[in-house]
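Student: Take a look at this one; I'll ask things after.
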Amino acid sequence: KQEVTQIPAALSVPEGENLVLNCSFTDSAIYNLQWFRQDPGKGLTSLLLIQSSQREQTSGRLNASLDKSSGRSTLYIAASQPGDSATYLCAVRDQGGKLIFGQGTELSVKP
Amino acid sequence: GAGVSQTPSNKVTEKGKYVELRCDPISGHTALYWYRQSLGQGPEFLIYFQGTGAADDSGLPNDRFFAVRPEGSVSTLKIQRTERGDSAVYLCASSQMGSLSYNEQFFGPGTRLTVL
């Protein structure tokens, strides 16, 4: 059974710092991996999607990497801003099409 | 609108009552997913539709939960004899095609269900 784990559960950094969020999964038979952002009381906003054949994806200040063989992904956020404060979720898509989520990392960027 | 919409945004009900939650996917998206998110947790899969049929309902917790998508667009999640443990945010997502690897899932804002 696929399990997704995110470390750390919470992270607080001063504005301007670069940071890395970690995601690990137990079964490497995934189709893709998505990183989402969730603001309090809101739905999920897709940030980046990495296909199983890809190693990384970039969008603006965000960079996500995927090492399928070791079951790991990282989300790198450069030059963090207070507006980046949110919960970040990673999810792997299994062969059946459904997403399996980690518990999320709650990020707080202090001005 | 262009995104996934869900109604109602909030639903408060009493234990034992029946509720229906609605999801309008992005136009043209053939795949539709329901997830449930409890406080402090990541979303958990409930059911997935490809067109009108349920392709995978393995996440439904018990037979009090049922979902339909009669015309391959709007879906309704139905919960009978609600229990306090059903309280959660119910999220709906859609994607253009169900099984291909590159299809991104787009999520609605969710329905917050509270069972008193």
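The values are calculated or read from the model by the stated rules, or taken from the named source; none is laboratory data. The shown structure was predicted, so the numbers you read here are calculated from the model rather than taken from an experiment. So basically every Cβ, Gly included, is an ideal-geometry build from the backbone, and we count neighbours across all protein chains shown. Remember, those area values only see protein heavy atoms, side chains included, never the ligands or the DNA or RNA. Shrake-Rupley method; radii C 1.70, N 1.55, O 1.52, S 1.80 Å.
Student: Can you find a residue that is within 11 Å of chain A (Cβ to nearest Cβ) and either of a type in the set (Gly, Ala, Ser) or assigned to a strand (DSSP E or B) (or both) anywhere in the stretch B:58-76?
Tutor: Yes: the stretch B:58-76 contains one or more residues that are within 11 Å of chain A (Cβ to nearest Cβ) and either of a type in the set (Gly, Ala, Ser) or assigned to a strand (DSSP E or B) (or both).
Student: Let me ask something additional. May I ask you to verify whether A:Arg37 is open to solvent by 40 Å² or more (accessible area, probe 1.4 Å), touching a Leu at 6+ places or on another chain (Cβ under 8 Å) and away from every other protein chain (no Cβ under 13 Å)? Explain how you work it out, then say what you get.
Tutor: Working: open to solvent by 40 Å² or more (accessible area, probe 1.4 Å): yes; touching a Leu at 6+ places or on another chain (Cβ under 8 Å): yes; away from every other protein chain (no Cβ under 13 Å): no.
Here the answer is no, as A:Arg37 does not meet what is asked.
Student: What do you reckon, is B:Arg112 modelled with pLDDT of 95 or more, of a type in the set (Lys, Arg) and within 30 Å of A:Pro8 (Cβ to Cβ)?
Tutor: Yes.
Student: Now a separate question. Looking at the stretch B:57-86, which of its residues are free of Cβ contacts under 8 Å to residues at least 40 places away in the same chain and crowded, with 18+ Cβ neighbours inside 10 Å?
Tutor: Here is the first cut: in the stretch B:57-86, the residues free of Cβ contacts under 8 Å to residues at least 40 places away in the same chain are B:57-71, B:85-86.
Of everything in the stretch B:57-86, those that are free of Cβ contacts under 8 Å to residues at least 40 places away in the same chain and crowded, with 18+ Cβ neighbours inside 10 Å turn out to be B:Leu60, B:Phe65, B:Ala67, B:Arg69, B:Asp86.
Student: Moving to a separate point now. So B:Ala55 passes all but one of these: (1) at pLDDT 95 or above; (2) in a strand (DSSP E or B); (3) among the small types (Gly, Ala, Ser). Which condition number does it fail?
Tutor: In the conditions (1) at pLDDT 95 or above; (2) in a strand (DSSP E or B); (3) among the small types (Gly, Ala, Ser), B:Ala55 misses (1) alone.
Student: Also, I was wondering about something else. Looking at (1) open to solvent by 50 Å² or more (accessible area, probe 1.4 Å); (2) at pLDDT 95 or above; (3) β-branched (Val, Ile, Thr), which is the one condition that is false for A:Thr45?
Tutor: With respect to (1) open to solvent by 50 Å² or more (accessible area, probe 1.4 Å); (2) at pLDDT 95 or above; (3) β-branched (Val, Ile, Thr), A:Thr45 is out only on (2).
Student: Hey, another quick one. So which residues in the stretch B:5-14 are in a loop (DSSP other than H, G, I, E, B), open to solvent by less than 100 Å² (accessible area, probe 1.4 Å) and not hydroxyl-bearing (Ser, Thr, Tyr)?
Tutor: Scanning the stretch B:5-14 gives a single hit, B:Pro8.
Student: Which numbered condition trips up A:Ser80, out of (1) away from chain B (no Cβ under 14 Å); (2) in a strand (DSSP E or B)?
Tutor: (2)
Student: Let me ask you something else. Tally up the residues in the stretch B:36-46 that are farther than 18 Å from B:Ala67 by Cβ, facing chain A (nearest Cβ under 9 Å) and either open to solvent by 20 Å² or more (accessible area, probe 1.4 Å) or not in a loop (DSSP other than H, G, I, E, B) (or both), please.
Tutor: 2
Student: While we're here: For A:Leu75, state whether it is modelled with pLDDT under 95 and in a strand (DSSP E or B).
Tutor: Criteria not met by A:Leu75.
Student: Something else about it: Could you list all residues from the stretch A:1-26 that are open to solvent by 70 Å² or more (accessible area, probe 1.4 Å), more than 14 Å from chain B (Cβ to nearest Cβ) and either closer than 14 Å to A:Gly102 by Cα or among the aromatic types (Phe, Trp, Tyr) (or both)?
Tutor: Selection gives A:Thr26 alone.
Student: What's the number of the condition A:Leu75 fails, among (1) within 14 Å of chain B (Cβ to nearest Cβ); (2) open to solvent by less than 10 Å² (accessible area, probe 1.4 Å); (3) not β-branched (Val, Ile, Thr)?
Tutor: Going through the list (1) within 14 Å of chain B (Cβ to nearest Cβ); (2) open to solvent by less than 10 Å² (accessible area, probe 1.4 Å); (3) not β-branched (Val, Ile, Thr), A:Leu75 breaks only (1).
Student: Count, please, the residues in the stretch B:15-35 that happen to be open to solvent by 40 Å² or more (accessible area, probe 1.4 Å), within 14 Å of chain A (Cβ to nearest Cβ) and not in a strand (DSSP E or B).
Tutor: Of the residues in that region, 1 qualify.
Student: Now for a separate question. Of everything in the stretch A:86-111, what is surrounded by fewer than 19 Cβ atoms within 10 Å (Cβ to Cβ) and away from chain B (no Cβ under 14 Å)? Give them in sequence order.
Tutor: Those that are surrounded by fewer than 19 Cβ atoms within 10 Å (Cβ to Cβ) and away from chain B (no Cβ under 14 Å): A:Ser108, A:Lys110, A:Pro111.
Student: Here's something else I'd like to know. How many residues are at negative phi and open to solvent by 40 Å² or more (accessible area, probe 1.4 Å) if we restrict to the stretch A:53-72?
Tutor: Residues meeting the conditions: 13.
Student: Looking for whichever is free of Cβ contacts under 8 Å to residues at least 60 places away in the same chain and under 12 Å from the mean Cα position of the chain (by Cα) here; the options are A:Ser24, A:Ser28, A:Ser85. Which one fits?
Tutor: Only one candidate qualifies: A:Ser24.
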